[in-house]
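Read-outs: derived from the displayed coordinates by stated rules, not from any lab. Because the structure is a prediction, the values reported are computed rather than measured. Virtual Cβ from ideal backbone geometry, glycine too; neighbours counted across all protein chains shown.
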Amino acid sequence: MTTIEAGLDTFPKLVRSNAERRPHKIAIREKDLGIWQAYTWRQYFDRARRIALGLAALGLARGDKAAIIGDNRPELYWAVAGTQALGGVPVPLYQDSIEKELAYIVDHAEARFAVVEDQEQVDKLLHIRAQCPRLEYIVYDDVRGMRAYSDPCLISLAELEERGDKLAVSQPGYFDAELARGSADDVAIICYTSGTTGSPKGTMLTHRNMIVMGRNAIEREGLRDDEEVLAYLPMAWVGDHIFSYAQSVLTGFTVNCPESAATVLHDLKEIGPTYFFAPPRIWENLLTNVMIRVEDAARPKRALVHFFLGVAQAIERARLHGRTPSAWRRLLYPLGQALVYGPLRDNLGMRRIRVAYTAGEAIGPEIFVFFRSLGINVKQLYGMTESSALVAIQPNGDVRLDTVGTPLPGVEIRISEQGEVLYRSPGVFVGYFKNAEATRQTLQDGWVRSGDAGFIDAAGHLKIIDRARDVSRLAGGTIFAPKYLENKLKFSPYVKEAVCLGQDRPFVTALVNIDLAAVGNWAERRGIAYTSYTDLSQRPEVYDLIQQEVLRVNASLLEDEVLKGARIRKFLILHKELDPDDEEITRTRKVRRGFIAQKYAALIDALYGDGDRVPVQAQVTYEDGRTGTIRADVKIRDVGTATR
Amino acid sequence: MSGPATPGPLLEVERISVRFGALMALHQVSLRIERGEILAIIGPNGAGKTTLLNVISGFYHPWEGRIRFAGRDRTRLKPPDVAELGIARTFQNVALFKGMSVLDNIMTGRLLKMRGNVVLDALWWGPAQRQELAHRAAVERIIDFLEIQAIRKTPAGKLPYGLQKRVELARALAAEPLLLLLDEPMAGMNVEEKEDMCRFILDVNGEFGTTIALIEHDMGVVMDISDRVVVLDYGRKIADGTPDQVRKDQAVLDAYLGVAHD
């Protein structure tokens with residue numbers, strides 16, 4: 001709070017303070033022409049100021065919105081600061097948005113200005129201009145390909161800054177006066193969230209939201225001004241805005257912009273960040289890349305790596321479960337550190353990481369344990385746009401597999417009677433732009449309805465079970481969270497997809513899709529012959545394999561007070577893969593429950609009946625559009641109520 | 001346009017003929033390449049397109065006829081001299097140094113612009129260092145332009161075919177040519193790779209003002225990107241005009257679709 005009281009109550013004011021206090025410290029780097037080009041805080045402030053004045057020369061007034069579209073580029077971060085300095089509101093958009101989405105947001109946000117990276121974005125905006133009558137100017141950074149454009153609404157960033165310089169001469173006090181007029185409770189940014197239903201909503205966050213919440217997290221996590229982060233996630237995502245802009249401006253640490261989307265992994269290695277965030281998908285990719293290279297290595301090396309990874313993971317698992325790792329493993333760890341973990345960390349570009357986060361969705365325990373066992377401090381973070389990205393983080397030294405940590409300083413968490421997580425914090429947004437109805441539904445007396453079902457465990461850790469609207473109850477009244485169970489099942493390499501059922505039923509059942517590659521490989525190693533996916537899926541050995549996985553999930557539920565009543569009682573393995581072409585899952589691989597309940601009604605009835613097999617005939621759509629029929633006898637396995 | 005101020009066409013080919021033994025590969029072919037244009041040379045297999053490109057780039061010497069480049073006669077120059085004049089080319093079959101990185105491959109495109117000194121180069125000192133940095137910067141601009149940053153350090157031989165073609169274009173561009181000759185730049189590419197390559201060709205032409213002559217079989221591509229089309233058949237030029245004119249030309253239709261011989 002001290003900064004706000006000291007008059008440093010907006011981000012551009014903090015940028016100016018950085019330019020005064022640490023003028024020569026590197027604020028931001030960008031890899032351009034093969035070289036990391038660095039800009040100091042003084043340059044950061046200068047450029048933001050020139051851009052601000054240029055926008056002022058074009059007529060940007062207090063409260064005007066400026067769309068920001070492009071890859072992570074220093075110029076675009078400067079444009080954010082420049083817009084804020086005039087009291088304008090930056091609206092970052094996803095650079096890969098299609099025209100329809102872009103048109104909706106640019107129009108809804110009433111953007112008068114757009115600052116974009118290159119020709120690609122200019123083309124999209126020019127196409128949708130008819131639908132966005134308020135859009136007056138498009139400022140572009142990269143001049144490549146722009147030579148032939150003559151539209152008067154276009155202006156290059158260089159020209160814009162020149163105009164700014166002229167304004168600085170004619171009205172020397174203008175910028176400082178505008179900067180001084182800004183206050184903590186001005187809207188600093190509008191982040192549009194896609195949401196799974198309806199039109200995107202523009203979440204308004206103030207300077208105060210992000211200064212207080214950003215600082216609380218900085219203090220709890222011990223972040224310093226010598227951190228290095230890689231800004232590679234979309235600028236439109238609130239996380240990037242907090243980690244690569246707000247926290248950087250607050251502490252003065254350095255942000256690094258990769259050369260292109262295709263070079264991120266390489267740039268990661270070159271920079272060696274100390275503070276890093278990635279969704280589970282990216283952690284997964286990193287792990288796969290490592291394992292592929294390990295499998296390609298010569299046999300003795302491979303054996304060495306597997307042995308030491310095993311040691312480290314056993315230690316980490318013990319720690320995560322609060323047990324003491326065995327003595328001989330602890331003795332071996334330093335050797336593994338020298339031979340395997342250190343070099344591997346270095347190769348991943350993670351040697352210097354002090355704090356890393358995974359957020360967005362549940363991460364597979366194997367992946368989480370893998371990175372932690374290498375000595376990389378990966379932690380789970382829980383937050384959303386409405387909370388300035390920050391609600392809860394696992395504290396250093398108190399990391400668990402299945403929680404998202406304890407609330408950050410200033411955050412209060414409450415569980416509603418329906419089991420929904422509610423929170424209140426200094427970071428809570430002020431409302432959705434031009435959508436009072438949605439604001440009323442989400443924000444009640446300062447509490448935000450997260451839409452997630454969860455609870456606080458005995459140790460004070462927040463545990464997220466599922467989306468609140470997916471949570472239901474069994475016929476006996478026990479709480480049942482299908483996605484929670486499905487995720488646990490899918491953490492098994494053998495399970496590709498799973499659908500759990502149980503609402504208003506006596507017990508929980510599951511439809512399982514095996515992973516053809518993993519199970520096929522497993523079968524080959526055991527000499528189990530099979531002809532097709534359908535054949536493989538119905539092998540008794542495969543049922544035994546999957547039963548082990550189901551029992552594992554059931555056993556892990558026992559640790560859970562709230563959910564232990566909803567164990568899986570019966571399951572079957574589907575004779576075909578769930579496929580977006582058959583409309584069973586969406587293109588982004590989300591299960592379409594309603595459709596499946598209808599299509600597989602016979603199977604589901606059988607799961608709740610007495611038989612142990614059920615004949616099926618299924619329509620499949622081939623890639624060329626033809627349809628065919630699969631006939632099979634699907635077995636049903638009752639795992640009983642006992643656990644392993 | 002970046003060409004010298006001399007007026008007139010960039011390249012004039014006057015009545016050249018090339019023969020391999022008894023085979024007349026080119027017969028009295030004349031054509032002009034104007035400054036700043038994209039010219040497509042098309043024709044059925046064996047029409048003499050690559051031969052024509054080879055004559056222009058000095059690999060073959062015409063049996064008769066003259067070639068003028070930027071107003072000066074240069075009928076009998078050798079390939080290095082042609083390169084020095086400002087003509088660069090790519091090959092029908094990719095001709096990269098497979099074991100060398102993409103970056104080094106493109107650097108070779110600047111060899112003619114380097115002034116070597118064995119001692120200074122070995123010590124990497126003074127002018128040698130400055131020179132290499134300047135060349136590297138020029139190469140990096142091309143890497144950025146063609147969006148191949150991610151493969152900068154990859155050995156060229158490991159790349160998929162479409163990217164190898166792009167690297168070859170990069171190497172040709174590194175010579176900062178006035179005239180760029182592309183021999184089937186899109187052969188063997190899928191639709192997406194072709195679209196990318198079209199965009200790069202148009203961008204090179206638009207941004208650097210480089211004059212481009214290309215051989216291409218994909219008529220869609222030819223009609224979309226070229227300002228002018230020259231059609232060869234059995235070593236003779238049978239048409240020369242805008243894509244629209246050529247499309248309607250009876251001689252061209254006959255050459256491509258065949259005529260009934262009664």
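Here are the numbers for the structure shown:
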| read-out | value |
| --- | --- |
| Charge dipole (debye, nearest 20) of chain A; +1 at Cβ of Lys and Arg, -1 at Cβ of Asp and Glu | 1660 debye |
| In degrees, nearest ten, helix B:161-174 long axis to first principal axis of chain B (Cα) | 70 degrees |
| Dipole magnitude (debye, nearest 20) for region A:269-424, charges at Cβ of Lys, Arg, Asp, Glu | 800 debye |
| Trypsin sites (Lys or Arg not before Pro) within region A:512-559, DSSP loop, no more than 13 other Cβ atoms inside 10 Å | A:Arg526 |
| Cα gyration tensor shape for region A:83-167, rounded if a/c is under 1.5, else prolate or oblate | oblate |
| Spatially proximal lysines relative to A:Lys379 (Cα-Cα < 20 Å; intrachain offsets below 8 disregarded) | A:Lys463, A:Lys488 |
| Trypsin sites (Lys or Arg not before Pro) restricted to region A:201-236 and DSSP loop, no more than 15 other C-beta within 10 Å | A:Arg224 |
| Point-charge dipole on Cβ atoms (K/R +1, D/E -1) for region A:104-193, about Cα centre, debye to 20 | 280 debye |
| Percent of Cα pairs exceeding the 29 Å cut-off, where the set is region A:471-638 | 16 percent |
| Shape category assigned to region A:267-351 from the gyration tensor of Cα positions, a/c cut at 1.5 | oblate |
| Residue order, fewest to most surrounding Cβ atoms within 10 angstrom, among A:Thr193, A:Thr358, A:Thr385 | A:Thr193, A:Thr385, A:Thr358 |
| Debye intensity ratio I(q)/I(0), log10, region B:32-92, q values 0.12, 0.14, 0.25 Å⁻¹ (C-alpha model) | -0.30, -0.41, -1.30 |
| A:Lys31 long-range amide H proximity, modeled H, under 5 Å | A:Gln37, A:Cys257, A:Glu259 |
| Which of A:Ile242, A:Leu309, A:Ile604, positive extreme of dipole for the protein assembly as shown (C-beta unit charges) | A:Leu309 |
| Expected-Rg normalisation [2.2 N^0.38 Å, Cα atoms] applied to chain A | 1.05 |
| Ranked list, fewest to most other Cβ atoms within 10 Å of each Cβ, for B:Glu14, B:Glu192 | B:Glu192, B:Glu14 |
| DSSP-assigned coil residues among trypsin sites (Lys or Arg not before Pro) in region B:57-103, each with at most 14 further Cβ atoms within 10 Å | B:Arg76, B:Lys98 |
| Sites excluded, GluC sites (Glu not before Pro) in DSSP loops with at most 13 other C-beta within 10 Å, longest stretch of chain A | A:1-360 |
| Proximal charge balance of A:Asp165 [Cβ under 11 Å; K/R count +1, D/E count -1] | 0 |
| 222 nm mean residue ellipticity, helices alone, for chain A (DSSP H n ≥ 4; -39,500 (n - 2.57); rounded to 500) | -11500 deg cm²/dmol |
| Partners for A:Lys201 among aspartates and glutamates (Cα-Cα distance below 13 Å; same-chain residues under 8 apart left out) | A:Glu101, A:Asp107, A:Glu386, A:Glu437 |
| Average projected area [Cα convex hull, region A:2-197], square nanometres | 12.4 nm² |
| Cross-link reach list, aspartates and glutamates versus B:Lys78, counting only Cα pairs under 18 Å and skipping chain neighbours closer than eight places | B:Glu12, B:Glu64 |
| Compactness of region A:275-468 as Cα Rg over 2.2 N^0.38 Å, two decimals | 1.20 |
| Footprinting exposure proxy for A:Leu422, B:Leu173, B:Leu257 (fewest neighbouring C-beta atoms within 10 Å first) | B:Leu257, A:Leu422, B:Leu173 |
| Above-threshold pairs, the threshold being 23 Å between Cα atoms, out of A:Lys490/A:Lys576; A:Lys434/A:Lys483; B:Lys113/B:Lys194; A:Lys124/A:Lys590; A:Lys25/A:Lys166 | A:Lys434/A:Lys483; B:Lys113/B:Lys194; A:Lys124/A:Lys590; A:Lys25/A:Lys166 |
| Average partner coverage of B:147-156, which counts Cβ from other chains inside 10 Å | 3 |
| Cβ-based charge dipole, region A:471-638, positive-most Cα from A:Gln619, A:Val495, A:Leu574 | A:Val495 |
| Cα gyration tensor shape for region A:1-118, rounded if a/c is under 1.5, else prolate or oblate | oblate |
| Other-chain or far-sequence residues with amide H under 5 Å of A:Leu154's (modelled H) | A:Ile138 |
| Degrees separating the helix A:119-128 axis from the principal Cα axis of chain A, which is the longest one | 90 degrees |
